[in-house]
Amino acid sequence: MLAAAGRSGQSEMGGDGSVFDGDPASGDAGFSARQNEVLEVALRLLVEGGDRALTTAALARAANCSKESLYKWFGDRDGLLAAIVTHQASRVRIIDAAALPKTRDEFEAALQLFAEDLLTVLLSDTSLALNRLSVGSVRGDNSGVGAVLLERGKRRIEERAHRLLEAGQAGGHIGFADAASAYQTLYGLIIGDLHINALLGDQSAVSTLSIGEQARGAVARFLTLYAPAKAGSKTST
């Protein structure tokens, strides 16, 4: 589907030596290396066979572990799905709080990394399968896969992205009145209609997408829109 969408393990270190959150291989979400291996198998089962293929017995067999271990690690099915979503969301890396960008170049590079990871994750077969599963299992009681995707996926990514944007504002690289609004703009510039089109099965745009070019264009437009206000001018919203 996408040349970059198949990335599974990602380096903990940026090209300039910066440290990043969200490396699945490092157990970022609190999982051990063995648990991460099992979650990778669970993701594969979900993509290849859909919801019905993701049973405790099938996962235990495919991952070469006992059902008892699965229950010990993840609890019930909802717990397993929550772990899958958390594991997948950890692929969107954000610079660690101890290494937030200080220069304009560092901030732009951090935005570029975020944009590329967001595109890679959201347009991957795994995330599309999780989203389709969530739509088909909406219960109306704030539970199920949809609720897990919101809490463990979307909101966690948003919170960490807000931290990055706030660091950019503190460094004088961008200006905004509200971090949530600024993030929604950034998200829209990065993703556009790509995600919904992919969910609906339209691969025409996605199949020819250059993730790097899409990310660079989105970041450039965002930095233009949210350029720091000059003295006496209004801050972007």
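Each reported figure results from applying straightforward, stated rules to the coordinates on display, with no laboratory input. What you see is a predicted model, and the numbers here were worked out from it, not measured in a lab. Reconstructed Cβ throughout: ideal geometry from the backbone, glycine too, with neighbour counts over all protein chains shown.
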Inset, instruction - Considering Cα pairs under 8 angstrom that are at least six residues apart, work out the relative contact order of segment 151-237 and quote it in whole percent. - result: 39 percent
Inset, instruction - List, in order, the whole-Hz ³J(HN,Hα) value for each residue of segment 157-172 obtained from phi through the Karplus relation with A = 6.51, B = -1.76, C = 1.60 and θ = phi - 60°; use x for Gly and Pro. - result: 5, 4, 4, 6, 5, 4, 4, 5, 5, 5, 5, x, 5, 4, x, x
Inset, instruction - Counting only C-alpha contacts under 8 Å and six or more residues apart, can you give the relative contact order of segment 24-225 as a whole percent? - result: 22 percent
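Going by average Cβ neighbours within 10 Å, how do the peptides 61-67, 82-88, 203-209, 146-152 rank, with the highest at the top?
Working: 61-67: 14.0, 82-88: 22.9, 203-209: 12.4, 146-152: 18.4.
Order by mean packing, descending: 82-88, 146-152, 61-67, 203-209.
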Legend entry - About the Cα centre, charge dipole magnitude for segment 24-225 (Lys/Arg +1, Asp/Glu -1 at Cβ), debye: 360 debye
Inset, instruction - Report ³J(HN,Hα) in whole Hz for each residue of segment 104-118, in order, from the Karplus equation J = 6.51 cos²θ - 1.76 cosθ + 1.60 where θ = phi - 60°; Gly and Pro get x. - result: 4, 5, 5, 5, 5, 5, 5, 5, 4, 4, 4, 4, 5, 5, 4
